[in-house]
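*Asks:* If you scroll down you'll find the structure; I have some questions about it.
Derivation of every value follows stated rules applied to the coordinates shown; laboratory data play no part. Bear in mind that the values here come from a model prediction, so they are computed numbers and not experimental data. All Cβ positions, glycine included, derive from the backbone under ideal geometry; neighbour counts span all protein chains shown.
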Amino acid sequence: MTDFCGMTRQLWHIYVFHRTQEDFSRLYPMIDPQCVVIGTGKHEFYTSGEGLMRALNEERAQTENITFVLLDEWYQDCAMSPDAHLVYGGFHVRDGQDDAGMDMDVRFSVVYARRGQDWKIVHIHQSVPYKEQAYGEFYPKTLSERIRETQRLAARMAELANSDPVTGLYNHRAFFEQSGKRLAEGPAYLMVLDLDDFKNVNDTYGHLAGDEVLKQVGRLLKEATRRVDVLGRVGGDEFAVLCPGVSTDEIAVRIAERIIRKVNESAGATIGQPVHISIGLASKQPDDTVRDLYQRADEALYTAKHKGKNACHVYSHTF
């Protein structure tokens, strides 16, 4: 019975370890004249046994100073028909003169066909596994897939850089940046919101409970405002909302009162008592920057606090 795995092992051991002209001559009887070979390099494609042997001799001259050490090898025989056998497997070798040198982990398939009373190699396919292929993948990722992954990661990193980690709203920097882009669109109101006596929540229930309240307030702000509004947590218990397109105090106050109502009803669920919030509002004036608008809304917030808290107040020059 023909030992196809043994023949294939001899093939690769001659190719890797015994690279003299005499050793290569031992391969000649094994190779069919019409043998087709596909190697690891894009130029390594041969359609005859003669072309393969010529390439092996050229390669031998280039690698005569390299000595490989075998790290691992495996072979598997598969009969395809009474006149054809497939042997597939792999070998792992390293430059024996340098532990940090060339490391080659190769996969191969070799097809044998009966030629009269003899078996000849009619096809060799040699490949190097894709280095980026993750364990358990059935196929390596394409370049476009890796680019998409990188883009998704970059988008996620940008999102994290712009987000407050507790509430998921814009952080201080991102809120002013995004609001600055929206301010030029037309009329707008800016709200500055501050939780009333929030220090008592942290002191009484702890900072973890306080964070849960802040997270709940962030969620309620999203529910009470419009999709076009810009929401941010700009300080410890201080929030801000830019409402583009709002042109009257009446509409702005209606939004603010809806926020107060929702916060009063739900934000204190985790601590078992109502949470109150005060809001200052200011309307955009010609040539305003976001900082100008924020400063006036912050003054209105101070007035709302001074008048009894848990209320909203619109900035005016004559408080």
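*Asks:* Per 10 Å bin from zero, what fraction in whole % of the C-alpha pairs of region 163-314 is there, up to the bin with the longest pair?
*Replies:* Taking all Cα pairs of region 163-314, the binned fractions are 12, 45, 34, 8, 1 percent.
*Asks:* What fraction of the Cα pairs in region 4-127, stated in percent, has a spacing above 21 angstrom?
*Replies:* Working: 2896 of 7626 pairs.
When all Cα pairs of region 4-127 are counted, 38 percent exceed 21 Å.
*Asks:* Okay, next question. For residue 223 paired with residue 95, estimate the spin-label separation in nm (one decimal), with each label point 7 Å from Cα along the Cα-to-Cβ line.
*Replies:* Result: 6.6 nm between the two label points.
*Asks:* Order of 166-178, 116-128 by packing, highest average Cβ count within 10 Å first?
*Replies:* Numbers: 166-178: 18.3, 116-128: 15.2.
My ranking of the peptides, most packed first, is 166-178, 116-128.
*Asks:* For residue 24 and residue 40, compute 0.36 nm times the residue count separating them, minus their Cα-Cα distance, and round to one decimal in nm. List each step's numbers first, then the result.
*Replies:* On the way: separation 16, 0.36 × 16 = 5.76 nm, distance 1.94 nm.
Extending this stretch completely gives an extra 3.8 nm.
*Asks:* In addition: Roughly how many Å is it from the Cα centre of region 1-38 to that of region 283-319, as a whole number?
*Replies:* Comparing the Cα centres of region 1-38 and region 283-319, I get a distance of 87 Å.
*Asks:* How far apart, in nm, are two points set 7 Å out from the Cα along the Cα-to-Cβ line at residue 48 and at residue 302?
*Replies:* According to this spin-label approximation, the distance is 9.5 nm.
*Asks:* Want the number for residue 84 to residue 250: 0.36 nm per residue separation, take away the alpha-carbon distance, what's left? Mind showing how you got there, number by number?
*Replies:* Details: separation 166, 0.36 × 166 = 59.76 nm, distance 8.70 nm.
Gain in length upon complete extension: 51.1 nm.
*Asks:* Report, please, the projected area of the chain averaged over directions, based on the convex hull of its C-alpha atoms, in nm².
*Replies:* On the way: hull surface 115.0 nm².
Orientation-averaged projected area of the Cα hull: 28.7 nm².
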